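Here is the structure we will look at, set down as structure tokens.
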Amino acid sequence: MKKAILTIFAGPMYSGKTTKLIKLAEVLEAKGQKVLTVKPAIDTRYSKKPVLASHDLKTVKAAFVDMNKPEELLKMAEKDHINHIIIDELNFFHKTKTIPVIKKLLQKGVGMTGAGLAYDYRKKPFGPTLKLGKMAKHLIWLYAICQKCGGPAQHTERVGGGTGQVVVGASEMYIASCSKCHRVYRG
Ligand SMILES: [Zn+2]
């Protein structure tokens, strides 16, 4: 079987990652591919139902996967004869468990596309995004707009909500900022 291709979109919040994934799901489905779109069970910011929702509230149906049990993807792909898996919020998935699962799926010929934050609000690598980006055939960096100076932003800056790495929130807790304007939130 031909090994499939891995594509990773990496960037801060508000850089349009989910919008890209929604578009990709639409295009692949229009081509007749069986697409499985998933997100970590942690993220219910925009909807309690499992959908992929961008900040502009476009949606596509998705399934929740336990971020500590990425191996569920293997079963899901086999059961529904999936050609392509799209993963949003890749950064929340377990770093070491997720990489071998993705490798296995690629070997089985399942195309994989993931999007996630490369860095957390302290500018530290976040989950498996960067490692997978290095393995990927296509690593696409997306930029947001710095909310302080208006320049291209590659970072997510926390402005509220405590100091844990995994705190799910939207604009009340996070802004996009460039590396010059970025400040580490201290609570
Ligand atoms: Zn700036």
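Brief remarks on what is shown
- In the elastic network of the chain, a GNM with C-alpha springs shorter than 10 Å, the most mobile of K39, K31, K69 is K31.
- The relative contact order of the stretch 6-142, computed from alpha carbon pairs under 8 Å that lie at least 6 residues apart in sequence, is 37 percent.
- Per-peptide average of other Cβ atoms within 10 Å, ordering 100-111, 70-81 highest first: 100-111, 70-81
- Summarising the label geometry, the points placed 7 Å from Cα in the beta-carbon direction at K3 and S171 lie 4.3 nm from one another.
- Stokes-Einstein D in µm²/s, Kirkwood radius over Cα pairs - the stretch 116-182 at 4 °C with 1.567 mPa s viscosity: 103 µm²/s
- The chain: angle of helix 17-30 to the longest principal axis, Cα-based, in degrees nearest 10: 20 degrees
- Dipole magnitude for the chain: computed about the Cα centre from +1 point charges on Lys and Arg Cβ and -1 point charges on Asp and Glu Cβ, it is near 500 debye.
- With the convex hull drawn over the C-alpha atoms of the stretch 6-142, the volume per residue is 100 Å³.
- For L52, the residues whose amide H sits under 5 Å from its own are V60, K61, A62, ignoring neighbours fewer than 5 places away on the same chain, with H placed 1.01 Å from N.
- Helical contribution to [θ] at 222 nm, DSSP H n ≥ 4, -39,500 (n - 2.57), averaged over the chain, rounded to 500: -6500 deg cm²/dmol
Here, each number is a calculation from the coordinates, and none is a lab measurement. None of the values given here were measured: they were computed from a predicted structure. In this analysis, Cβ positions are derived from the backbone assuming ideal geometry, glycine residues included, and neighbour counts consider all displayed protein chains.
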